[in-house]
Amino acid sequence: MRQDGKKNFCECAGREGFNVHRRMNEFHQGVMEIKSPVSPTLDIPIKIERLGDRLISEELSEYFEAKAKNDIVKVADALGDLVVVICQTALQYGIDLDAVLNEIHDSNMSKRGGIKDSTGKLQKPSTYREPDLQKVLFPNHEKA
């Protein structure tokens with residue numbers, strides 16, 4: 001549960017108590033022995049940056065291969081691995097992805113009442129509110 005009383009993004013998806021940031025940090029520190037930044041930063045070692053980029057690319061390729069083979073088990077595996085490497089990459093940048101997802105979800109919910117275009121994409125109604133990721137990443141008014 002968030003401080004504002006709303007459910008966390010993953011809780012909304014039915015995973016009560018699952019905290020992406022906490023779980024990825026547990027893996028980073030306990031298994032990989034990597035210390036994560038305490039606040040968002042682009043100043044990370046190039047080796048770590050390239051590892052995240054490579055893993056995201058590999059898992060995305062595996063997803064497309066699994067789809068091409070019509071293998072739902074491998075699709076699920078690739079999607080799960082992709083989520084994990086994206087979460088780990090966010091952690092490497094000091095980004096609390098739970099907080100980011102919560103803000104984006106709240107913004108997406110403000111699209112209620114919008115009309116879908118011919119591709120099925122929901123158009124933003126007048127009630128739409130942009131996600132305020134500056135506020136989420138830097139709650140104490142730090143500058144990016």
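The values are calculated or read from the model by the stated rules, or taken from the named source; none is laboratory data. These numbers were taken from a predicted model, which means no experiment stands behind them. When we count neighbours, we look across all protein chains shown, and the Cβ atoms used for this are built from the backbone with ideal geometry, even at glycine.
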Would you mind finding the one in ILE56, ILE48 that is farther than 23 Å from VAL136 by Cα, touching a residue at least 40 places away in the same chain (Cβ under 8 Å) and surrounded by fewer than 17 Cβ atoms within 10 Å (Cβ to Cβ)?
-> ILE48
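Out of the stretch 84-112, which residues are of a type in the set (A, V, I, L, M, F, W, C) and over 17 Å from ARG23 (Cβ atoms)?
From the stretch 84-112, those of a type in the set (A, V, I, L, M, F, W, C) are 84-87, 90-91, 95, 97, 99-101, 104, 109; that's our starting set.
If the condition is that a residue be of a type in the set (A, V, I, L, M, F, W, C) and over 17 Å from ARG23 (Cβ atoms), then ILE104, MET109 are the ones that fit.
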Looking at (1) in a helix (DSSP H, G or I); (2) without any contact (Cβ under 8 Å) to a residue 40 or more places away in the chain; (3) acidic (Asp, Glu), which is the one condition that is false for GLU130?
-> (1)
Small (Gly, Ala, Ser), in a helix (DSSP H, G or I), in contact (Cβ under 8 Å) with a residue 12 or more places away in the chain and farther than 26 Å from PHE138 by Cα, is that true of ALA78?
-> yes
Within the stretch 81-103, residues part of a loop (DSSP other than H, G, I, E, B) and not aromatic (Phe, Trp, Tyr) come out as GLY94, ILE95, ASP96
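Just to be sure, is ASP106 among the charged types (D, E, K, R), in contact (Cβ under 8 Å) with a residue 24 or more places away in the chain, more than 30 Å from PRO45 (Cα to Cα) and assigned to a helix (DSSP H, G or I)? Before the answer, list the steps.
Working: among the charged types (D, E, K, R): yes; in contact (Cβ under 8 Å) with a residue 24 or more places away in the chain: yes; more than 30 Å from PRO45 (Cα to Cα): yes; assigned to a helix (DSSP H, G or I): yes.
The answer is yes for ASP106.
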Out of the residues in the stretch 23-56 that are within 17 Å of the chain's Cα centre (by Cα) and of a type in the set (Asp, Glu), state the one that is modelled with the lowest pLDDT.
-> GLU26
So which of ASP71, ASP96, ASP106, ASP77 is surrounded by 12 or more Cβ atoms within 10 Å (Cβ to Cβ), among the charged types (D, E, K, R) and within 13 Å of the chain's Cα centre (by Cα)?
-> ASP96
